[in-house]
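Engineer: Just dropping this structure here.
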Amino acid sequence: MSYLTHWQLNHSPYHNRGAAYPAPSQQEALARIEYLATERRAMGAVVADRGLGKTTVLDEAGRLFTRTGRYAAVVDAFGLTAREMLWQVACAFDVQPALGDSVSRLWQRLADTATEHAWRGESAVVLVDDAGQAGVDLCQQIVRLSRLATNVGAAWTMVAAATSNEAQRWPVALVDLIDLKVELHPWEADTTVDYLQHALMATGRLDPVFTEDALRHVHALAEGNPRQIARLADHALAAGAQAAVPIVDSGIVESAHAQTTWAAKC
C-alpha cells in the first residue's frame, strides 16, 4: 500500500507542483528581482547555499514576468553551451530562430530583437540558474548579452544564481555588472511548520499527520533548508505508512532522517 493511501492524500504533498510555497525569504527575493527589472538594472545575483530555493525563486520570477506580459527566459547553465543558451533566450523572446542558426546568426537575431524591444519600450529578464557552473565562455556570453541590451537601450535584466563559493569564481566582467545581490537564508521554524501543514491541506488532508513536536523536529534536522525539509517530510510519511502508525511522531522523523543522510556517512 502506498503512503498516499495510508494518509488519504490525493498526491504527494512535498513534491513541488505549480506555484511554490510563499516563504518570506523567497517572496523578498522575488520583490528584489522585480525591483531590478522595474528599475532597468543590468544584472542581479541570487546567492545561497544549495537547497535554499534559488531555482524556485527564478522559476517563480519567470512565471510572474510571463503573467504580466513581459518576456522571460529561464535557463539552466549546468553543462550548457553558448549556442544552447542563446537558442533558449531567443525562443523565450519569440525570436523564432532556425534550427541551423549559428552562434553568430543567433547573436544577430538577438541584436535585432533588443533594438525592437527598445523601440517598443518592452522589458525582459534572463534568469540563469546554476550560473555558478557556467564556464568562462558562458559567463562571457552572459556579459555580452547584457552589454548588447545596454548599448541599444533595451530593458533586459540578467539574474544569475549561484552558491557563495561559486559566485566568488565569476569573472570580474560579470561581477562588475551586478547591481544587487539577493541572498536566501534558511527558513525559520514557524515557516517550516506552516509549509508542512499547508502542503498537506493542499492535498485534501485536514486531519493532523505530524505531531507538533515532529513538525519542529523536521525543521531542526533539516536545519531550515527547504529542499531537505521537503525530502525529510516525504520520507517520514513513507516511514509512518510502513509502520502503520496513525500519526508521525518525532521518532518516525528521526528514523526517516537516518535513511536520508546516507551520503554523509560514505
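Yes or no, residue by residue, for (1) acidic (D, E); (2) in a loop (DSSP other than H, G, I, E, B); (3) at pLDDT 95 or above; (4) crowded, with 18+ Cβ neighbours inside 10 Å:
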| position | (1), (2), (3), (4) |
| --- | --- |
| R17 | no, yes, no, no |
| I33 | no, no, yes, yes |
| Q96 | no, yes, no, no |
| Q108 | no, no, yes, no |
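Engineer: Separate question: Is it the case, given these coordinates, that A131 is in contact (Cβ under 8 Å) with a residue 24 or more places away in the chain, touching a strand residue (DSSP E or B) at 6+ places or on another chain (Cβ under 9 Å) and over 16 Å from A155 (Cα atoms)?
Structural biologist: Numbers: in contact (Cβ under 8 Å) with a residue 24 or more places away in the chain: yes; touching a strand residue (DSSP E or B) at 6+ places or on another chain (Cβ under 9 Å): yes; over 16 Å from A155 (Cα atoms): yes.
Yes, satisfied.
Engineer: Return a yes/no flag: does the stretch 240-253 have any residue that is crowded, with 16+ Cβ neighbours inside 10 Å, more than 25 Å from P22 (Cβ to Cβ), out of contact with any Gly (no Cβ under 7 Å at 6 or more places or on another chain) and assigned by TED's automatic domain parsing to the domain that holds D137.
Structural biologist: The answer is no, given that none of the residues of the stretch 240-253 is crowded, with 16+ Cβ neighbours inside 10 Å, more than 25 Å from P22 (Cβ to Cβ), out of contact with any Gly (no Cβ under 7 Å at 6 or more places or on another chain) and assigned by TED's automatic domain parsing to the domain that holds D137.
Residues are listed down the side, and each one gets a yes or a no for (1) closer than 26 Å to I33 by Cβ; (2) under 21 Å from the mean Cα position of the chain (by Cα):
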site	(1), (2)
D176	yes, no
V182	yes, yes
H217	no, no
A222	yes, yes
I247	no, no
S250	no, no
V253	no, no
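Engineer: In the set A161, A114, which member is in the same structural domain as G53 (by TED's automatic domain parsing), over 15 Å from V89 (Cα atoms), surrounded by 20 or more Cβ atoms within 10 Å (Cβ to Cβ) and among the aliphatic types (A, V, I, L, M)?
Structural biologist: Details: A114 fails: over 15 Å from V89 (Cα atoms).
Testing whether each residue is in the same structural domain as G53 (by TED's automatic domain parsing), over 15 Å from V89 (Cα atoms), surrounded by 20 or more Cβ atoms within 10 Å (Cβ to Cβ) and among the aliphatic types (A, V, I, L, M) leaves just A161.
Engineer: Quick check on the stretch 204-219. Is at least one of its residues among the polar types (S, T, N, Q) and modelled with pLDDT under 95?
Structural biologist: Narrowing the stretch 204-219 to residues among the polar types (S, T, N, Q): 211.
Right, trim to modelled with pLDDT under 95 and you get none.
For the stretch 204-219, residues among the polar types (S, T, N, Q) and modelled with pLDDT under 95: absent.
Engineer: List the pairs whose first member sits in the stretch 62-83 and is polar (S, T, N, Q), whose second member is surrounded by 14 or more Cβ atoms within 10 Å (Cβ to Cβ), and whose Cβ atoms are under 8 Å apart, counting only residues at least 6 apart or on separate chains?
Structural biologist: T66/A72; T81/L138
Engineer: Pick out the one residue from A131, A167, A154 that is within 26 Å of G51 (Cα to Cα) and buried (at least 23 other Cβ atoms within 10 Å of the Cβ). Write out each step before concluding.
Structural biologist: Numbers: A167 fails: buried (at least 23 other Cβ atoms within 10 Å of the Cβ); A154 fails: within 26 Å of G51 (Cα to Cα).
Sole residue among the options that is within 26 Å of G51 (Cα to Cα) and buried (at least 23 other Cβ atoms within 10 Å of the Cβ): A131.
Engineer: Tally time: how many residues in the stretch 179-199 are among the β-branched types (V, I, T) and either surrounded by fewer than 20 Cβ atoms within 10 Å (Cβ to Cβ) or at positive phi (or both)?
Structural biologist: Quick first cut of the stretch 179-199, residues among the β-branched types (V, I, T) only: 182, 191-193.
Pick out the ones that are also either surrounded by fewer than 20 Cβ atoms within 10 Å (Cβ to Cβ) or at positive phi (or both) and you get 193.
The number of residues fulfilling the criteria is 1.
The values are calculated or read from the model by the stated rules, or taken from the named source; none is laboratory data. In this text the structure is predicted, and so the values were computed from the model without any measurement. Here Cβ is always computed from backbone atoms with ideal geometry, including for glycine, and neighbour counts include all displayed protein chains.
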